[in-house]
């Protein structure tokens, strides 16, 4: 892993106005593996200005040319597949197999998907006596989380670029190294200057500057409900469009004729996917009271097979291999939930009550 000193703005690597540095920590070893710049509002100003300047040309670029750029980025990312897997396994703690299939594999596939879509998309439609015209909205600010760092970047910037929008990305400061790989690839492919821009930094500084910037036409945020509320408040004065994807408490709804073995596997995997660090994780089961014990036993049978693994090792069992939690803050948060549940009367069926430990491997 290497340190980075610059943001990517206007097709160039630009030194940060912010003077701070952010340490990136290996999730398994808790060692500092790189440092990145702590961007400032002035860096966002420069990135938004570059995106605004590029919008006039990019928004009128023929769709087949935009599609070609998307495919070129996807092809170039495939040549960096091994690097992406290595980086995300370190940053997030994702086991190697999961990083290959999901963190890297799905991320790269998005580029071909949207290249195909933009070529087939109906930009104009006649409805009755009206002509409906779909146009790119303008500059899109994308603020992304750490749990599926590259994939959720792709889910925001790829459709935006396909539609003819320009982008200012703020990746999570916990997992920024994969975003640097993406920016390097975009630079190598030669995407027109200013179409894609990246500023690394914290939410209260860089995220807030993007959300409230008068020249950002839409902001897309994935993260916590608390942070999402701040994004919406910052965006309100400029009445920009806001897309929020926030956390939830999703439930498995089990009917009384369901097979316990199937429920056990699905419930355990749905809950603990990516070490439970998934916004759509199925963290509750609503079951028929008459069969409660059967379903509990089935889930526990699956949970008992789950192992903590070295994220960098070859572990082919996707369903029963978990890596460490991504950060100390996440470790503390999970422990607080476990303790709160016990305090409120929950029964702990496996593991031991949380207690301070020095390594995130103990958190699972």
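Values for this structure:
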{"quantity": "Single residue of 74, 109 found to be in the same structural domain as residue 196 (by TED's automatic domain parsing), in contact with a helix residue (DSSP H, G or I) (Cβ under 8 Å, 6 or more places away or on another chain), at pLDDT 95 or above and under 30 Å from residue 134 (Cα atoms)", "calculated": "74"}
{"quantity": "Search result, residues across the stretch 205-232 that are assigned to a helix (DSSP H, G or I) and surrounded by 17 or more Cβ atoms within 10 Å (Cβ to Cβ)", "calculated": "205, 206, 207, 208, 209, 210, 211, 212, 227, 228, 230, 231"}
{"quantity": "Residue, farthest from residue 63 (Cα to Cα), within the stretch 101-143, restricted to residues that are surrounded by 22 or more Cβ atoms within 10 Å (Cβ to Cβ) and in contact with a strand residue (DSSP E or B) (Cβ under 6 Å, 6 or more places away or on another chain)", "calculated": "143"}
{"quantity": "Candidates 311, 324, 316 - the one that is in the same structural domain as residue 262 (by TED's automatic domain parsing), out of contact with any strand residue (DSSP E or B) (no Cβ under 8 Å at 6 or more places or on another chain) and surrounded by 12 or more Cβ atoms within 10 Å (Cβ to Cβ)", "calculated": "311"}
{"quantity": "The stretch 51-64 - residue that is touching a strand residue (DSSP E or B) at 6+ places or on another chain (Cβ under 9 Å) and not in a loop (DSSP other than H, G, I, E, B) and, of those, surrounded by the most Cβ atoms within 10 Å (Cβ to Cβ)", "calculated": "51"}
{"quantity": "Residue match in the stretch 265-275 (condition: surrounded by 20 or more Cβ atoms within 10 Å (Cβ to Cβ) and within 30 Å of residue 42 (Cα to Cα))", "calculated": "no"}
{"quantity": "Where a residue in the stretch 340-351 is outside the structural domain of residue 293 (by TED's automatic domain parsing) and at pLDDT 90 or above and its partner, wherever it lies, is surrounded by 10 or more Cβ atoms within 10 Å (Cβ to Cβ) and not in a helix (DSSP H, G or I), with Cβ under 9 Å and at least six apart", "calculated": "none"}
{"quantity": "Any hit, the stretch 275-282, residues being at positive phi, in the same structural domain as residue 349 (by TED's automatic domain parsing) and in contact with a helix residue (DSSP H, G or I) (Cβ under 9 Å, 6 or more places away or on another chain)", "calculated": "yes"}
{"quantity": "Residue match in the stretch 305-319 (condition: assigned to a helix (DSSP H, G or I) and in contact (Cβ under 8 Å) with a residue 40 or more places away in the chain)", "calculated": "no"}
{"quantity": "Residues located in the stretch 286-307, provided they are in contact with a strand residue (DSSP E or B) (Cβ under 7 Å, 6 or more places away or on another chain) and surrounded by fewer than 16 Cβ atoms within 10 Å (Cβ to Cβ)", "calculated": "286, 307"}
{"quantity": "Residue within the stretch 188-204 that is buried (at least 24 other Cβ atoms within 10 Å of the Cβ), in contact with a helix residue (DSSP H, G or I) (Cβ under 9 Å, 6 or more places away or on another chain), assigned to a helix (DSSP H, G or I) and modelled with pLDDT of 95 or more present", "calculated": "no"}
{"quantity": "Members of the stretch 239-255 that are closer than 13 Å to residue 283 by Cβ and touching a residue at least 60 places away in the same chain (Cβ under 8 Å)", "calculated": "none"}
{"quantity": "Segments classed as strands (runs of 3 or more DSSP E), wholly inside the stretch 1-50, with at least 3 members that are surrounded by fewer than 20 Cβ atoms within 10 Å (Cβ to Cβ) and in the same structural domain as residue 198 (by TED's automatic domain parsing)", "calculated": "12-15, 20-25, 32-38"}
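The values are calculated or read from the model by the stated rules, or taken from the named source; none is laboratory data. A quick note: this is a predicted structure, and the numbers were derived from the prediction, not measured. Backbone-built Cβ (ideal geometry, glycine too); neighbour counts: all protein chains shown.
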